[in-house]
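Student: This structure is in structure tokens; I'll ask about it shortly.
The values are calculated or read from the model by the stated rules, or taken from the named source; none is laboratory data. In this text, all values refer to a predicted model and were calculated from it rather than measured experimentally. Note that each Cβ is placed from the backbone with ideal geometry, even for glycine, and that neighbours are counted across all protein chains shown. We work out accessible area using only protein heavy atoms, side chains counted, and drop any ligands, DNA or RNA first. Shrake-Rupley method; radii C 1.70, N 1.55, O 1.52, S 1.80 Å.
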Amino acid sequence: MDIKTFNIVAPNLPAEIAVLMRGPTGVGKSHLGKAVAKAKDLPFVDVRLSIMSEGDVGGYPDIEGMKESGIMTMCMPSWFIRACREPVVLMLDEMNRALPGVQQSAFQLVLDRELGNDKDGNPYRLHPETRIIAAVNHGAEYDVNEMDPALLRRFWVCDLVPTADDWINWATEHALDAVLVDFIRQHPEHLRVDPTEVEAGTVCPNPASWHRVNDALVAMQMAPANVAGNKRPDGFYAVALGMVGTEAAIAFTDFVEGYEMVLSAEDILNDFDQHRDTIAGLGNDRVNALIEKLRNHCADNTWTQAQANKAAAFAKSLPGEMMVSLWNGVSATQNMPNIQKMHKLIGSDVVKAVQTSRNL
């Protein structure tokens with residue numbers, strides 16, 4: 001399942017239906033859990049089951065309370081009490097790497113939405129609007145425990161297979177370095193390498209590791225966009241090597257050193273005539289990147305008539321399929337002032353391009 005489908009389904013399920021995400025490490029399971037919390041405007045509570053003991057989940061005996069009441073009750077963990085008192089998105093991470101006792105407590109939480117008991121024997125129950133999202137590492141490269149089929153049927157199960165487009169969309173939304181994003185756009189084979197296909201212990205790239213490369217290089221004042229087209233700074237290759245491995249690090253470093261800075265949305269909207277010849281010489285991947293930048297700019301800005309005219313001139317310079325792609329991107333932003341301006345300028349051209357495509 002791709003990320004787009006997950007984001008359509010997961011936030012809109014009834015709160016009592018738990019979600020189980022399965023996938024290899026580094027594909028963004030935690031980020032997806034946070035996205036559900038953001039979509040529902042709920043706090044996100046991350047519980048890493050693989051590092052917990054049984055009492056960390058099921059609670060520890062309340063010795064002092066037993067002295068007073070003669071009844072054994074459990075002191076429950078703070079994250080569970082919070083999920084009972086208020087609605088939250090409760091992320092149960094690495095469930096199938098947890099100790100058996102921890103797994104059993106987690107299973108009870110998923111199955112019954114309750115744990116422990118008060119002095120009257122009543123269990124503590126989750127808030128009715130609290131949502132459970134569990135995540136398991138799935139694949140031959142992991143030392144994990146298989147999950148009981150009887151438990152699986154209590155979840156909405158999704159096997160995550162994120163695409164390069166999924167990651168590019170996410171990275172763009174989170175303002176990752178534009179050159180790094182462009183590298184993945186042009187070389188999607190380096191986004192993730194299956195660890196089972198290489199020698200054990202080899203450092204391999206995955207979506208999360210590229211995020212770390214971005215953050216490390218920016219923090220070290222070596223952001224790819226700032227050094228692109230120049231000799232790499234000392235340490236640049238070493239950072240990439242330690243996070244994405246030899247092959248991806250070499251490809252990425254060579255890409256950055258030989259990079260010609262791509263045009264921005266503002267270059268199109270303000271100075272298209274000046275850049276017309278440059279754009280005509282770009283490959284399809286660079287043109288598609290420009291279309292994506294215009295779409296993102298359209299979503300957050302109101303274009304002047306002059307800017308719309310230049311965007312329309314750019315659109316008319318494109319092959320029919322790309323012009324339709326630009327129009328679809330502008331339309332998807334639901335920014336009506338921009339859409340109305342562009343519709344007057346290229347609407348008939350888009351219709352002709354679509355009709356020509358159908359005839360072919």
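Student: Cα-Cα pairs above 38 Å in the chain: how many percent?
Tutor: Summing the P(r) tail past 38 Å for the chain gives 35 percent.
Student: Still on this structure, please answer the following. Enumerate the lysines that K316 could reach by cross-link, defined here as Cα to Cα under 23 Å, with residues fewer than 8 away along the same chain left out.
Tutor: K293, K341, K344, K352
Student: Can you return the lysines within cross-link range of K119? Criterion is Cα-Cα under 21 Å, with same-chain partners fewer than 8 residues away left out.
Tutor: K67
Student: Mind checking the alpha-carbon convex hull of the range 205-245 and giving the volume per residue in Å³?
Tutor: Enclosed volume per residue, from the Cα hull, is 64 Å³.
Student: Could I ask something else about it? For the chain, give the magnitude of the charge dipole about the Cα centre (Cβ charges: +1 Lys/Arg, -1 Asp/Glu; no others), in debye to the nearest 20.
Tutor: 1200 debye
Student: For the range 1-47, state the average projected area of the convex hull of the C-alpha atoms over all orientations, rounded to one decimal in nm². Before the final figure, lay out the partial values.
Tutor: Values: hull surface 14.0 nm².
Seen from a random direction, the Cα hull of the range 1-47 projects 3.5 nm² on average.
Student: Excluding K38 itself, what net charge comes from residues whose Cβ is under 13 Å from its Cβ, given Lys and Arg +1 and Asp and Glu -1?
Tutor: +1
Student: Hey, another quick one. Mind giving me the nanometre distance, one decimal, between the label points for A280 and V354, set 7 Å out from Cα along Cα→Cβ?
Tutor: Distance between the two pseudo-spin positions: 3.0 nm.
Student: Once you treat every alpha carbon in the range 6-162 as an equal point and sum by Debye, what is log10 I(q)/I(0) at q = 0.14, 0.16 Å⁻¹?
Tutor: The Debye formula, applied to the Cα set alone, gives -0.68, -0.87.
Student: Give me the angle, in degrees from 0 to 90, between the Cα long axis of helix 305-316 and the longest principal axis of the Cα atoms of the chain, rounded to the nearest 10.
Tutor: Once rounded, one gets 80 degrees.
Student: So how much slack lies between I81 and S317, counting 0.36 nm per residue of separation and subtracting their Cα-Cα distance, in nm?
Tutor: Numbers: separation 236, 0.36 × 236 = 84.96 nm, distance 6.02 nm.
Additional length available on full extension: 78.9 nm.
Student: Spin-label point model (7 Å from Cα, Cβ direction): what's the E114 to M66 distance in nm?
Tutor: 2.2 nm
Student: What accessible area, in Å² to the nearest ten, does a 1.4 Å probe give for Y60?
Tutor: Accessible area of Y60: about 110 Å².
Student: For K40, list the lysines whose Cα falls under 27 Å from its own Cα; do not include residues on the same chain fewer than 8 positions away.
Tutor: Straight-line reach from K40, under 27 Å: K4, K29.
Student: Which value, in debye to the nearest 20, gives the size of the charge dipole of the range 164-306 about its Cα centre, when Lys and Arg are +1 and Asp and Glu are -1 at the Cβ?
Tutor: 180 debye
Student: Next question, about the same structure. Would you work out the Kirkwood radius for the range 192-271? I mean one over the mean of 1/r across all pairs of different Cα atoms, in Å.
Tutor: For the range 192-271, the Kirkwood estimate is 13.8 Å.
Student: Of L109, L151, L290, which has the largest mean-square fluctuation in a 10 Å C-alpha GNM of the chain?
Tutor: Of the options given, L151 has the highest mean-square fluctuation.
Student: Where does the range 76-118 land on the Kirkwood hydrodynamic radius, alpha-carbon pairs, in angstrom?
Tutor: Roughly 11.2 Å, rounded to one decimal.
Student: Simple spin-label model, 7 Å along Cα-to-Cβ: E129 to I8 in nm?
Tutor: Reported label-point gap for E129 and I8 is 2.6 nm.
Student: In whole Hz, with x marking every Gly and Pro, tabulate ³J(HN,Hα) for the range 170-179 from phi via Karplus 6.51 cos²θ - 1.76 cosθ + 1.60, θ = phi - 60°.
Tutor: Those phi angles translate into 5, 5, 5, 5, 9, 6, 5, 3, 5, 6 Hz.
Student: Let me ask you something else. Considering the dipole of the chain built from charges on the beta carbon (Lys and Arg +1, Asp and Glu -1) around the Cα centre, which of P337, A39, P61 is farthest to its positive end?
Tutor: Sorting the options by dipole projection puts first P337.
Student: Stokes-Einstein diffusion coefficient for the range 279-360 at 25 °C in a medium of 0.890 mPa s, Rh from the Kirkwood formula over Cα pairs: what value in µm²/s?
Tutor: For the chosen part, D equals 192 µm²/s.
Student: Could you tell me what percent of the accessible area of the chain is made up of carbon and sulfur, with a 1.4 Å probe and every protein chain present?
Tutor: Ligands and nucleic acids excluded, carbon and sulfur give 49 percent.
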